[in-house]
1. Return a yes/no flag: does segment 79-92 have any residue that is part of a loop (DSSP other than H, G, I, E, B) and open to solvent by 70 Å² or more (accessible area, probe 1.4 Å).
2. Here are some conditions: (1) in contact with a Lys or Arg (Cβ under 8 Å, 6 or more places away or on another chain); (2) more than 30 Å from GLU168 (Cβ to Cβ); (3) surrounded by fewer than 20 Cβ atoms within 10 Å (Cβ to Cβ). THR213 meets all but one. Which one does it not meet?
3. State which residue pairs qualify: first residue farther than 16 Å from LEU39 by Cα and inside segment 97-126, second residue among the aliphatic types (A, V, I, L, M) and modelled with pLDDT of 95 or more in any location, beta carbons under 6 Å apart, and separation of 6 or more residues or different chains.
4. Evaluate the following for VAL400: is it of a type in the set (Val, Ile, Thr), part of a helix (DSSP H, G or I) and open to solvent by less than 40 Å² (accessible area, probe 1.4 Å)?
5. Any residue at all in segment 31-50 that is open to solvent by less than 90 Å² (accessible area, probe 1.4 Å) and under 30 Å from GLN306 (Cα atoms)?
6. Going by the conditions given, is ILE360 over 24 Å from VAL227 (Cα atoms) and open to solvent by less than 30 Å² (accessible area, probe 1.4 Å)?
7. Which pairs do you get when a residue that is more than 29 Å from GLY115 (Cβ to Cβ), found in segment 45-68, comes within reach of a residue that is open to solvent by less than 10 Å² (accessible area, probe 1.4 Å) and part of a loop (DSSP other than H, G, I, E, B), reach meaning Cβ atoms under 7 angstrom, with the pair 6+ apart or on two chains?
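The values are calculated or read from the model by the stated rules, or taken from the named source; none is laboratory data. Owing to the predicted nature of the structure, the values given are computational and were not obtained by experimental measurement. Note that each Cβ is placed from the backbone with ideal geometry, even for glycine, and that neighbours are counted across all protein chains shown. These accessible areas exclude ligands, DNA and RNA; they are computed on the full protein's heavy atoms, side chains included. Shrake-Rupley method; radii C 1.70, N 1.55, O 1.52, S 1.80 Å.
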Amino acid sequence: MDQFSSYPAEMASVLSKQWESRGFPAELLPPTASLTSLLDVCYQASLLREEDAPVRCRVIYASPTQLHSIATEQPRPHVLSFSEPAPLSAHNLRKLYAAADFYRAALAVTIDEHGSLVIWGLVVTGTEWGNRVEGSRFDGVSLPPNLVVQAIRPGHLVASSGYLRVLETNQGQLLIDGFDPFRSSWISGRFSSVREAMLKRLPEGHAGDVNRTKVCESFVRDLAQSVVRRVLRLVRNRRHGGLMVVLPDGSHEDGTCERWLRFRVQFQADDSTLLYHGMMQRLMSRALEVAKTRQLEVLTWNDYQQFRDAELRRYDDQLIDFSHFLADMMTVDGALILDHSFRLIGFGGEILGDTPVQQIHRATDIEGHQTVVERADSAGTRHRSAYRLVNGLNQAIAVVVSQDGDVRFVAHHNDQLTYWPYLP
C-alpha cells in the first residue's frame with residue numbers, strides 16, 4: 001500500500017470537495033489514491049533542486065485523446081507524445097521540468113493500463129497564460145477543464161481546472177478561506193464617481209447619442225480591476241511583499257499626503273501621472289468602434305473579451321506593462337500611493353502617525369456585514385501601518401501583500417476598521 005505524507009492526502013480530500021462544489025466534471029479528477037499520489041509527487045518535487053535551481057513545473061492530468069480533441073475558437077496547445085511514457089515520480093519531474101519550462105509548457109500525466117500514473121507527453125501552451133487574470137481578455141492557448149497542478153516553489157502548489165484556480169497550498173496551509181473583494185458592492189461604490197467621469201470623457205457621439213453603442217459602467221470597473229488583480233499576482237509571485245494605498249481624489253494637493261506620508265519618491269502632479277487614464281480612454285474608444293461594427297447596443301466586459309482586434313491587443317499589452325510598472329513600485333520598501341482615479345502620487349511611502357490601532361475586524365462575508373474581532377498587533381509592521389492609515393483616513397483603501405503571499409484588503413466600512421482576506 002502506498003504511503004503518503006498527510007499534507008497531500010489532506011489536500012486531495014479538500015480538492016475533491018472544492019472541485020465538486022465548483023461544478024467541475026468529476027471524471028476529470030483521478031481516483032482518490034491516484035490524486036493523492038499525483039499531489040504528493042508534485043509536492044515532493046517542489047522541494048527538490050536541479051543544478052541549484054528549484055523545480056518549478058506544471059502537470060496536467062489528461063489523456064492524449066482529451067488534449068487532441070479540444071474544441072475551441074482559441075489556439076490549441078501543441079501536444080508532443082513520448083514514444084515511451086515515464087513513471088510519474090519526483091525524480092522524473094526534476095529531470096524533465098527544464099524541458100517543460102513553467103511558463104511555456106506542461107507535462108501531461110495519465111493513468112496507464114496497469115493503473116499507474118505516467119508522464120506521457122509535453123503540452124506547449126506558450127507564455128500568454130502568465131499574463132492571464134480572472135475576467136481579462138485572453139488570446140493565448142486554450143486548456144481543457146482538466147486538473148492542472150502547478151509546483152511554484154517549495155511546498156507551494158496551486159491546483160486548477162484548466163486556468164481556473166481551485167485550491168492553493170502555502171507554508172502548510174490549504175488556502176480556501178477568503179473573499180474576492182472586487183466582487184463586493186462596497187468597493188465598487190467607492191469608485192462610482194470615477195467611472196462616471198471616465199464615461200463622460202468618451203468622444204462626442206458615443207456618450208450622448210441614443211443611436212450609438214454605449215459602454216456599460218461595469219466595463220470600466222472590470223477593466224480597472226483586471227489591472228489591480230494582475231499587480232497583486234505579480235507581487236505575490238515575487239515573494240517580497242508590498243503595500244498599495246488608494247487615497248481619495250485630490251489628496252496630492254489638499255495636504256492629505258503631507259499629513260500622513262513621507263515619500264522616498266513623490267511625483268510631480270502633472271498630466272504624466274494620469275498615464276492610466278489615457279490608456280483607458282484609447283482602449284474604450286477603440287472597443288466602441290469594434291462594438292459598432294458588430295451592431296452592439298451596449299458594450300459589456302463579456303463582449304470585449306470576445307473581440308479579436310490588433311489595436312485592442314496593443315492596448316492590452318500596454319495595460320500589462322503598466323501592471324508590471326505598478327508592481328515594481330509596490331515592491332519598494334514603503335507604500336505605493338495612488339488616488340481613486342489611478343493618479344500616480346508616489347512610492348516608497350512611509351506612513352506617519354503614532355496612534356496605535358488596538359483591534360481590527362476580519363470580515364467573514366464579502367460585504368463585511370459579519371466580522372470577527374482580532375488583535376491588530378497579531379499582524380506585521382506593514383499591516384499595522386496600513387491599519388493606522390485607514391483608521392485615521394477613512395476613505396482610503398489599503399491592499400497589503402505579505403512575503404508569504406497573504407493578501408488583505410483594508411477599509412473603514414460600516415463604521416469599523418475591517419480587512420478582507422483575498423484569494424485570487
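1. No, every residue in segment 79-92 fails to be part of a loop (DSSP other than H, G, I, E, B) and open to solvent by 70 Å² or more (accessible area, probe 1.4 Å).
2. Condition not satisfied by THR213: (3).
3. Filtered contacts from segment 97-126: ALA100/LEU107; ASP112/VAL118; TRP120/ALA108; GLY121/ALA108; VAL123/ILE60; VAL123/ALA108.
4. Taking the combined requirement at face value, the residue does not satisfy it.
5. Checking segment 31-50: not a single residue is open to solvent by less than 90 Å² (accessible area, probe 1.4 Å) and under 30 Å from GLN306 (Cα atoms).
6. When the stated conditions are applied, ILE360 passes them.
7. Qualifying pairs under 7 Å: ARG49/VAL55.
Here's the yes/no breakdown for (1) more than 25 Å from the chain's Cα centre (by Cα); (2) modelled with pLDDT under 95; (3) of a type in the set (A, V, I, L, M, F, W, C):
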| position | (1), (2), (3) |
| --- | --- |
| ARG362 | no, yes, no |
| GLU367 | no, yes, no |
| GLU374 | yes, yes, no |
| ARG384 | no, yes, no |
| VAL399 | no, no, yes |
| ASP404 | no, yes, no |
| THR418 | no, no, no |
